[in-house]
Amino acid sequence: MISIDDFSKVEIKIGKILSAEKVPETDKLLRLSVDFGEGSPRQVISGIAEFVPAPSTLVGTCAPFVTNLEIRVIRELESQAMILAVKTESGGFSLISSSPDVVPGSKVS
């Protein structure tokens, strides 16, 4: 269990996926370019490729991301946020999406 103070430290914002492509020589990684309304997009490396057979279908999707994690280097690529998704015990997968009317960078509360 965590306290509400711990949870309040997590910054979740809506990001609009501008591009999505498989990371070469990997089975699980996608490289996303995501607009958070900050002037320039952030790069997000995510292990969701096995659930997204056609990464281009993610383009234009608005989804929640944790945006205040320390930058993580994965396969020599910087990941500057983490996408939120649902994975069930039976192997089901779903991205959590928001209305396209929500402005990129909007805080989830």
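The numbers here are math on the coordinates, done by the rules we state, and not lab data. Computed from a predicted structure; not experimentally measured. Quick reminder, even Gly has a Cβ in these numbers, built from the backbone with ideal geometry, and neighbours come from all protein chains shown.
Couple of notes before you dig in:
- From phi via Karplus (6.51, -1.76, 1.60), per-residue ³J(HN,Hα) for segment 79-91 in Hz, x at Gly/Pro: 10, 10, 5, 9, 6, 9, 8, 10, 10, 8, 4, 7, x
- Spin-label pair Val10-Phe93: with each label point 7 Å from Cα along the Cα-Cβ axis, the two points sit 2.0 nm from one another.
- Normalised by the number of residues in the chain, the mean separation of alpha-carbon contacts (under 8 Å, six or more apart) gives a relative contact order of 31 percent.
- nm² value of the averaged projected area, convex hull over the Cα atoms of the chain: 7.8 nm²
- For Lys9, a cut-off of 27 angstrom between C-alpha atoms picks up these lysines, skipping any fewer than 8 places away in its own chain: Lys87, Lys107.
- Under a 5 Å amide H cut-off, with hydrogens placed 1.01 Å from N, Ser98 pairs with Cys62, Ala63 among residues at least 5 apart or on other chains.
- Coupling constants for segment 98-109 follow from the phi torsions by the Karplus curve (6.51 cos²θ - 1.76 cosθ + 1.60, θ = phi - 60°), and in residue order they are 10, 4, x, 6, 6, 6, x, x, 5, 7, 8, 9 Hz; glycine and proline get x.
- Looking at the chain, the DSSP beta bridges with both ends there are about 100 percent antiparallel.
- Mean ellipticity per residue at 222 nm, deg cm²/dmol - from DSSP H runs of n ≥ 4 across the chain, formula -39500 (n - 2.57): -500 deg cm²/dmol
- Phi angles across segment 31-42 convert, under the Karplus curve 6.51 cos²θ - 1.76 cosθ + 1.60 with θ = phi - 60°, into 3J(HN,Hα) values of 9, 10, 10, 10, 8, 10, x, 9, x, 9, x, 9 Hz, Gly and Pro given as x.
- Counting all C-alpha pairs of segment 1-62, share separated by more than 13 Å (%): 66 percent
- 5 angstrom amide H check on Ile48, placed H, neighbours 5+ away: Leu30
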